[in-house]
């Protein structure tokens, strides 16, 4: 039976994503009604600048008082696409206090205060959905917390920021330097005027925290995620990667320890073999590789940002939440029963690619190899060649290690810097996906 009373939606924020959400709600109203089982009505749009022209949105719906909109008594669902911590956190809390379920795309807030928001939703018997907070249009949150709920996930590795993937892809495919690739990303609208959140890994780290919490049924906050940006990645690093049959990606890597007693969460640039599925992810696309005990290896791929892709994920959540409202039920909430500790980066075991500038004389290689051995780091391959810039009496030494703890590698590098024959550590990069 079709319900005749419409479900009323408050839209908090009407930027690139919010305006696209409003457009789809309007143009696809009949389809949404059939899919939900009741009409869905945009009842109000809270914005900061009411004078801005918003094509396709009735000016009568516009308000600058988001709190009053939520408190007016007839709102069923709030869609929060404001971003940031405040006022978004306060508005979501107000929504719950007034019986309103919430759909959010706010990765920063969920990574920082997800546990408290989940608790508030559960306390009031309401939904908190956030598919759009992690990978744009890619269905990822729901498969992890529903489709794979009966499985044990051991590892999640992925590209979760389109801006950084675009930059690194251009560096790889054209030989451009970092700044040149960033300038192109900015000109095309992929990078913000201030790209810090993307290129320094903050955006990816927030998404990593959310994904780790869902995958491992434990609470992982943004502060728990180890983070390195990609601003130091150079054309020389890509040249070395190609010689190894690899490329470079900014990866979010979430792992359960072999004994199951802890987890790790990290974001950093890494070399991955060209044979790995993530290596072929081009332009501003995202992809996430999931390794589960029973399901095996799964990959989720698609556009990870932008108004339309993100709005698609928001509308998917809206349909699910509205269906729950009609059924007087709620969907899955937070699952954090394992309470696993998050291990420090020093415990992570992986391979490394280290490029050194060294004196070009006999005995240097032996000295470097001894330093690695003293710190328990086994060397896989070594390549030495004269400096390409023609600097006399200096050579470039590239060492690729076997798997070793990150703490051991850090100790090795610190000792290498103290050697008279080592003029500098040009780059350090992890090697993943093997």
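Read-outs throughout are calculated quantities, based only on the coordinates presented, and are distinct from any laboratory measurement. Predicted model only: the values in this text are computed from it and were never measured. Positions of Cβ are backbone-derived with ideal geometry, glycine not excepted, and every protein chain shown enters the neighbour counts.
For the chain, the square roots a ≥ b ≥ c of the C-alpha gyration tensor eigenvalues yield an a/c of 1.5 or more together with a/b exceeding b/c, which makes the shape prolate.
Taking 145, 219, 48 in turn, the Gaussian network model of the chain (Cα-Cα springs below 10 Å) assigns the largest fluctuation to 48. Exposure proxy for 194, 76, 183, 127: other Cβ atoms within 10 Å of each Cβ, ordered fewest to most, give 194, 183, 76, 127. According to the Cα-based calculation, Rg over Rh for the stretch 303-363 is 1.37, with Rh computed by the Kirkwood formula.
Highest mobility in the GNM of the chain, judged by mean-square fluctuation with C-alpha springs under 10 Å and restricted to 66, 108, 415, is found for 415. Cα centroids of the stretch 195-222 and the stretch 122-166: 11 Å apart. A quarter of the convex hull surface defined by the alpha-carbon atoms of the stretch 141-304 gives 9.5 nm² as the mean projection. Taking other C-beta atoms within 10 Å as the exposure proxy, 276, 268 rank 276, 268 from fewest upward.
On alpha carbon coordinates alone, what is the Rg over Rh value for the stretch 270-410, Rh being the Kirkwood radius?
Across the stretch 270-410, the Cα-based Rg/Rh ratio is 1.17.
Assign one of three labels to the stretch 156-207, namely rounded, prolate or oblate, based on the Cα gyration tensor with a ≥ b ≥ c the square roots of its eigenvalues; rounded applies when a/c is under 1.5, prolate when it is not and a/b is larger than b/c, and oblate otherwise. Note, shape of the stretch 156-207 comes out oblate. The calculated 222 nm mean residue ellipticity attributable to helices in the chain amounts to -10500 deg cm²/dmol, summing -39500 (n - 2.57) over DSSP H runs of n ≥ 4 and dividing by all residues.
Treat the count of other C-beta atoms within 10 Å as a stand-in for reagent exposure and order 285, 352 from fewest to most. Present the calculation step by step, with values, prior to reporting the outcome.
Numbers: 285 19, 352 23.
Taking fewest neighbouring Cβ atoms as first place, the list is 285, 352.
Cα centroid separation, the stretch 304-370 to the stretch 76-96: 25 Å.
The reciprocal of the average 1/r between distinct C-alpha atoms defines the Kirkwood hydrodynamic radius, which for the stretch 201-273 equals 13.2 Å. For the chain, modelled as a GNM whose springs connect Cα atoms under 10 angstrom apart, the maximal fluctuation among 203, 224, 360 occurs at 360. Dividing the Cα radius of gyration of the stretch 154-246 by 2.2 N^0.38 Å, with N the residue count, gives 1.20. Largest first, the extents of the alpha carbon coordinates of the stretch 61-102 on the three principal axes equal 26, 21, 13 Å.
State whether the stretch 345-431 is rounded, prolate or oblate according to the following rule on the C-alpha gyration tensor (a ≥ b ≥ c being the square roots of its eigenvalues): a/c under 1.5 gives rounded; otherwise a/b larger than b/c gives prolate, and the remaining case gives oblate.
Prolate, because a/c is 1.5 or more and a/b exceeds b/c.
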